[in-house]
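Peer 1: Shown below is the structure under consideration.
The values are calculated or read from the model by the stated rules, or taken from the named source; none is laboratory data. These numbers were taken from a predicted model, which means no experiment stands behind them. Counting neighbours? That spans all protein chains shown, and the Cβs are built from the backbone with ideal geometry, glycine included.
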Amino acid sequence: MLKNHLFANAASSFAPKFDEIFFVLTALSVFFTVLVLSLIVIFAIRYRAASTIDRGKPITHNTKLEFTIIGFLSVVGLGVFFWSAKPYATIYGAPPANAQKIYVIGKQWMWEIQHPDGIRENDALHLPLGRPVQLILISQDVVHSFFVPAFKVKRDVVPGMYTSVWFVPTKIGKFRLFCAQYCGAFHSQMTGWVTVMKPKDFAAWEAAGGSFSEGGHETSMVQAGKALFNKYGCVSCHGVSTGMAPSLSNLYMSKVHLTNGSTAIADDAYIREAILNPTVHVPVGYQPIMPVFKDQLNEGQVLDLIAYIKSLSSTSLPQSPANSASNRSGTDEKVKGKTR
Amino acid sequence: MDTHHITPISVYVKVYVILMLLLFATWAISRIQLGPWNNVAAMTIAIIKATLVFLFFMGVKYSSKLTWVWATAGFLWLLVLFGVLIDYMSRGWIPVKGW
Amino acid sequence: MSVTQLENTIPESHPQKTYLNDGNTIGSWLLTKDHKRIAIMFLISISLMFIVGGWAATMIRAELVEPQGHLMSHETYNKMFSMHGIVMIFFFLIPSIPAVLGNFMVPIMIGARDLAFPRLNLLSWYLYIIGAGISLAAMLSGGVDTGWTFYTPYSSVYSNTHVTMTIVGIFIAGFSSIFTGINFIVTIHKMRAPGLTWFRLPLFVWAIYATSIIFLLGTPVIAITLALVVLERTLHLGIFNPAYGGDPILFQNLFWFYSHPAVYIMILPSMGVVSEIIPCFARKKIFGYNFIAFSSLAIALFGFLVWGHHMFVSGQSVYSGMIFSLLSFLIAVPSAVKVFNWTATMYKGRISFDAPMLYALGFIGLFTMGGLTGLYLASLTADVDLHDTYFVVAHFHYIMVGGAIMGFMGGMHFWWPKITGRMYPEKWAKIAAVITFLGFNFTFFPQFILGYMGMPRRYHWYPPEFQTLNILSSIGAAVLAFGYIIPAVYFIWSLKKGPKAPQNPWRATGLEWEEVPSPPPTHNFARLPIVEREAYDYEWMDGRDDSLSAASVAGGKGDG
Amino acid sequence: MSSQLVQPSEEYLWEQYEDRKQQDESYLVGMWTFLSTEIMFFGALFISYAVYRYKYPEAFYAGHEYMNVALGTINTAVLLTSSLTMALAVHFAQKRKRWMQIGMLVITMFLAFGFLGVKFVEYGDKFREHLVPGYNFEWNQANVNRLEASTAPINIIPSLKAGSLPADSAISHDAQMYFIIYFAMTGLHAIHVIIGILIMMVFIVMLVANHPSVRYHMPMEMLGLYWHFVDIVWIFLYPLLYLIPR
């Protein structure tokens, strides 16, 4: 009850956990600060030079007491550490299976959001209440940081690397979105709004093609990816039995044998690399003839292509990019069961 | 009185011969395919060579304890810096289930 | 070179021939090998840099009074906070206590005639001046807008300001730190007076020793890392640039490998100063000498193991994050031990409240708060929200300003009579100490709340709901500025007008007070002292003092 | 086995020291503390090497195939030999055999020049083979040309946007990383060699002139320590850069 009054702003599944730890740390801090300051004040008054108090038997060391303090503080520290490690590992770890994946691209100085169904938003993010959402973030240029204070959630947006974070919005409203990592001249204007809506309203918003946002309804990410796939002529080599390049059906999350003798799991990060720098990732039996797309595709288009390639897999694997280097589905359910 | 150790020339020459033999060994082993053991062998030989230079050419073997401490401090601290690798090696791991 | 006449009889308390008048030409200063003169030159140089950094801070606080400040453009604002950070950290805080008070005091405290390598010491100052000059020139010729952290790929590819020149300056100044560190380590190891065992050393010397370890083992890492950034900028290499397969997070790893221990470079010497001041003004042996000494070493060594707590949200592996969080909680313990021991020292003391003591007490209070708020940032979950907000800004200012600068000011007041041979005006000094303490809290406490509310750091424009707290903070900064201007004025005033200082105005223990006149002669000691007592033996000191009878020490009256 | 150095203990004593023992030991500790910073200095590059080799093992293997192992091995031998002669120079300095000391220093210096000469040849090869990152790196281009001549019908080098990253950005950056690190590490090492040569020159000149400050053997020992350290760095660079196993 008290906690609800103190921390009325918690707007995500993570926020109450943050609040708990913040509350405990604040209690500890106040306790120790008051302890130290009051001891100093008491000693300063009692033992001021003019005072005639008894100063007999001054002590200059007490090893037992010191070790007691060291032990006590270490235990307190370890306790807080373990308590605070779990929520952290949770939100940066594998999301529940039903999590909605939303792609966030940071660039100087705006946020580009892609919903899987093709709705794109700039500097705005609409979310349904109560549904787990996993953000998959990548930067087009420098390091940014996706920060929604009301959710107490922050994740750096790094170029060349997918990061992820997941949470459940638990409160309807409009919340500020900041870039928290200094990214250049207009860093302080790389802001936006996150809107959390009732699932019903969200469905309406989605159906209207995100009419409240600037982007409007485009094709879904898979469709956009397919269009790119055709536009760049990928199909001429990766089409069925051309022999020039491997087929992409059922590629996602499969094992790829490369000409240099190593193997790789074809996760999001691998596919991204294979599109942008194909010469380093040549599968066995093929020539390194694929064009380098590094300067032709932006991160958003790469995400579209990955979505399309995923759609070519017969079994859909609910795997998040950030954790896809390892396996496997099924365990996600457990995570969900325990944390939610 | 000043007591400063002077290493005799014969020691230097012996160490030098061993170093050259080890150099040849490194090169020879690198020509054989041993898989990951190639790395182990190369680095082990490098560490032995460096230790020989360290102990005899640089005279740490005959030095005071204080010199020992500071001579090894840098090498030990390099290991701490290699803690950076923990980050890269554990990135792919999934966080513990149930956490 | 020498202008003054040698006199046959040198009075004990006011020697005619001191390090200050042993040669009055500019050359006699610029080519000096005397650690005391080099310390003075460092003092002047870092004070000038403090003015530059302080000016930048003033501009920042003035701009943040309004949510959409219009004093300067975004670019200018970014350059301002970068300048503030770079100047204050690399050119003020890091050399402040070690190169000024350490340089001056360590040889005297351990009974040596000079540092082990006087010429290296002078070189250290020149490197500092060259480094500072180059960085300042970069700032004057357009500035740098990366923040002091130089995160890649912004610094290495995207920023089109004077990053290269600034880094060259920092690189050169880094060697100044390294050489200072080498000098201290060798001096403390090899040049202690007979009888001055490790556990008789003043704790300030321990602190400087621990700091020097960080200088030696940390500075080269950032030097080479920043050098790589320069290579990346100038030759378009890609060691940290993802467009070439580089890893921006590797830069953060290497950067914080130095820059986290660098925080301890700033705070450890201050802790040393406080460990000197508190026993002196409590007239009591310090509580738990061994624990304070070893906690300095522990902080210096473990400080190297926690760099990753700056990167919890960066995409670093979750496991790394956990290891670093765990170690960060543990490194709080030695700091807490120190706070406990200082407080315990006051127990049954005979406490007087001269300005150095006020600064020291202020230090304990502010450092306690700074340290405890550090726990929030060491905690993984709390850091997810608080990282890169004003909470962090407030936290590290409590450590670096509330801690390091309070300690520096305390040390300056404490040793000013020894350094200059003049007393500062005590009344004004007390006023200044109180103003600094209040102004500091006024400035930075609101920033904790701002951070909790979610205001990110390095924001030029911010949402209007944060304005009230920002105004409070700016008012506080104005108060704080007075806290620094007043001492500057009376210190300068005291050089000419201040009453002459006796050899030991505080009746303090330590070779610098017991054996050396104020100001000290060029070679410190006419005859090298032999140490027979442990540090902080104030019972012996007060027992020796005629004004105190044995009875009054044991039980009764104050010394009035 | 070992003989004792006998020197008048007050000779060459700086005024801040009490006696020569204290001074000698201070020099030693000072030099070792300096070398520990040097270790960390190179350490930052070694850790970068480790990280990128861990990330791009194939690229490092591919890159190392362009290394001239013979030249690398010769250079290692040259440097080890120079370490021996340097150790002997220190030995003769301790025994106060000035001309022997000068002779050994001159040999060491020539070996050092030899090392740099070989390095120069190697660097030259890299320039010719378009393997210098940031200058003319064209890893892919080479592969492409080979391929175009044989099979592939498609021109696969995309046109670059104006004002984008320099021309080598469109290539296999992973292999470039190997060469960046190769040049950074060997370059920093070469700078140390050059500094060593400069100091040796000063020593030789001063020794020939029989300058009093080099009659004291500690400065010579410092130079020796420095040179052996340079040698140790190369002992590790050689297998790491030249002998990468598959």
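Here is a yes/no grid of residues against (1) under 23 Å from residue C:412 (Cα atoms); (2) surrounded by fewer than 23 Cβ atoms within 10 Å (Cβ to Cβ):
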residue	(1), (2)
C:45	yes, yes
C:54	yes, yes
C:58	no, yes
C:83	no, no
C:93	yes, no
C:116	no, no
C:120	no, yes
C:143	no, yes
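Peer 1: Residues that are in contact with a helix residue (DSSP H, G or I) (Cβ under 7 Å, 6 or more places away or on another chain): which strands (runs of 3 or more DSSP E) entirely in region A:98-176 hold 3 or more of them?
Peer 2: So the answer is A:163-167.
Peer 1: How many residues are at pLDDT below 90 and within 14 Å of residue C:74 (Cα to Cα) if we restrict to region C:144-158?
Peer 2: Counting residues in region C:144-158 that are at pLDDT below 90 and within 14 Å of residue C:74 (Cα to Cα) gives 0.
Peer 1: Has region A:92-106 got at least one residue that is at the interface with chain C (Cβ under 10 Å from one of its Cβ atoms) and of a type in the set (Val, Ile, Thr)?
Peer 2: No.
Peer 1: Taking the condition closer than 18 Å to residue D:241 by Cβ, more than 7 Å from chain B (Cβ to nearest Cβ), assigned to a helix (DSSP H, G or I) and at pLDDT below 85, does residue D:62 pass?
Peer 2: Yes: the conditions hold for residue D:62.
Every residue, every condition in (1) crowded, with 19+ Cβ neighbours inside 10 Å; (2) in a helix (DSSP H, G or I); (3) modelled with pLDDT of 90 or more, yes or no:
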position: B:24; (1), (2), (3): no, yes, yes
position: B:48; (1), (2), (3): no, yes, yes
position: B:51; (1), (2), (3): no, yes, yes
position: B:71; (1), (2), (3): yes, yes, no
position: B:74; (1), (2), (3): yes, yes, no
position: B:89; (1), (2), (3): no, yes, no
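Peer 1: Can we say residue D:63 is free of Cβ contacts under 8 Å to residues at least 12 places away in the same chain, buried (at least 21 other Cβ atoms within 10 Å of the Cβ) and within 20 Å of residue D:181 (Cα to Cα)?
Peer 2: No: the conditions fail for residue D:63.
Peer 1: Let me spell it out: the conditions are (1) under 19 Å from the mean Cα position of the chain (by Cα); (2) within 14 Å of chain A (Cβ to nearest Cβ); (3) β-branched (Val, Ile, Thr); (4) within 30 Å of residue C:171 (Cβ to Cβ), and residue C:239 meets all of them except one. Which number is the exception?
Peer 2: (1)
Peer 1: Moving on. Of the residues C:250, C:196, only one is farther than 21 Å from residue C:273 by Cα and at pLDDT below 95; which?
Peer 2: One residue alone meets the criteria, C:250.
Residue by residue, here is whether (1) facing chain C (nearest Cβ under 7 Å); (2) aromatic (Phe, Trp, Tyr) holds:
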{"position": "A:16", "(1), (2)": "no, no"}
{"position": "A:19", "(1), (2)": "no, no"}
{"position": "A:26", "(1), (2)": "no, no"}
{"position": "A:31", "(1), (2)": "no, yes"}
{"position": "A:34", "(1), (2)": "no, no"}
{"position": "A:45", "(1), (2)": "no, no"}
{"position": "A:52", "(1), (2)": "yes, no"}
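Peer 1: Given the condition closer than 23 Å to residue A:161 by Cβ, among the β-branched types (Val, Ile, Thr) and either part of a strand (DSSP E or B) or at pLDDT 80 or above (or both), answer yes or no: does some residue in region A:267-277 qualify?
Peer 2: Within region A:267-277, one or more residues are closer than 23 Å to residue A:161 by Cβ, among the β-branched types (Val, Ile, Thr) and either part of a strand (DSSP E or B) or at pLDDT 80 or above (or both).
Peer 1: Hey, another quick one. Only one residue in C:364, C:419 is facing chain A (nearest Cβ under 8 Å) and either under 30 Å from residue A:144 (Cβ atoms) or not basic (Lys, Arg) (or both). Which one?
Peer 2: Selected residue: C:364, the only one of C:364, C:419 that is facing chain A (nearest Cβ under 8 Å) and either under 30 Å from residue A:144 (Cβ atoms) or not basic (Lys, Arg) (or both).
Peer 1: Next question. Somewhere in region A:66-81, is a residue under 20 Å from residue C:448 (Cα atoms) and more than 7 Å from chain C (Cβ to nearest Cβ)?
Peer 2: No.
Peer 1: In region D:8-25, which residues are within 10 Å of chain B (Cβ to nearest Cβ), without any contact (Cβ under 8 Å) to a residue 40 or more places away in the chain and in a helix (DSSP H, G or I)?
Peer 2: Residues satisfying the conditions are D:20, D:21, D:25.
Peer 1: Follow-up question, since we're still on this one. Being farther than 26 Å from residue A:48 by Cα and either more than 10 Å from chain A (Cβ to nearest Cβ) or within 16 Å of the chain's Cα centre (by Cα) (or both), is that true of even one residue in region C:345-360?
Peer 2: No, region C:345-360 contains no residue that is farther than 26 Å from residue A:48 by Cα and either more than 10 Å from chain A (Cβ to nearest Cβ) or within 16 Å of the chain's Cα centre (by Cα) (or both).
Peer 1: Inspect all residues belonging to region C:381-404 and state whether any of them is outside any helix (DSSP H, G or I) and not β-branched (Val, Ile, Thr).
Peer 2: Yes - at least one qualifying residue is present in region C:381-404.
Peer 1: Turning to a different aspect of this structure: Name every residue in region B:53-69 that is surrounded by fewer than 18 Cβ atoms within 10 Å (Cβ to Cβ) and more than 8 Å from chain D (Cβ to nearest Cβ), in order of residue number. Steps first, answer last, please.
Peer 2: Of region B:53-69, the ones surrounded by fewer than 18 Cβ atoms within 10 Å (Cβ to Cβ) are B:55, B:61-62, B:64-66, B:68-69.
Hits for region B:53-69 are B:55, B:61, B:65, B:68, B:69.
Peer 1: Kindly evaluate residue C:456 against the criterion of being touching a residue at least 12 places away in the same chain (Cβ under 8 Å), within 21 Å of residue C:59 (Cβ to Cβ), within 14 Å of chain A (Cβ to nearest Cβ) and of a type outside the set (A, V, I, L, M).
Peer 2: Values: touching a residue at least 12 places away in the same chain (Cβ under 8 Å): yes; within 21 Å of residue C:59 (Cβ to Cβ): yes; within 14 Å of chain A (Cβ to nearest Cβ): yes; of a type outside the set (A, V, I, L, M): yes.
Spelling it out, residue C:456 is indeed touching a residue at least 12 places away in the same chain (Cβ under 8 Å), within 21 Å of residue C:59 (Cβ to Cβ), within 14 Å of chain A (Cβ to nearest Cβ) and of a type outside the set (A, V, I, L, M).
Peer 1: Of all residues in region C:48-71, which are touching a residue at least 60 places away in the same chain (Cβ under 8 Å) and either of a type in the set (Ser, Thr, Tyr) or not in a helix (DSSP H, G or I) (or both)?
Peer 2: Passing the criteria: C:58, C:64, C:65, C:66, C:67, C:68, C:69.
Peer 1: Given the conditions (1) buried (at least 24 other Cβ atoms within 10 Å of the Cβ); (2) assigned to a helix (DSSP H, G or I); (3) among the hydrophobic types (A, V, I, L, M, F, W, C), report the number of the one that residue C:230 does not fulfil.
Peer 2: (1)
Peer 1: Of the residues that sit in region C:158-193 and are in a loop (DSSP other than H, G, I, E, B), more than 9 Å from chain D (Cβ to nearest Cβ) and of a type outside the set (Gly, Ala, Ser), which one is surrounded by the fewest Cβ atoms within 10 Å (Cβ to Cβ)?
Peer 2: Only one residue tops the list, namely C:160.
Peer 1: Follow-up question, since we're still on this one. Condition first: in contact (Cβ under 8 Å) with a residue 12 or more places away in the chain and assigned to a helix (DSSP H, G or I). Now tell me which residues in region B:57-69 satisfy that.
Peer 2: Residues satisfying the conditions are B:57, B:62.
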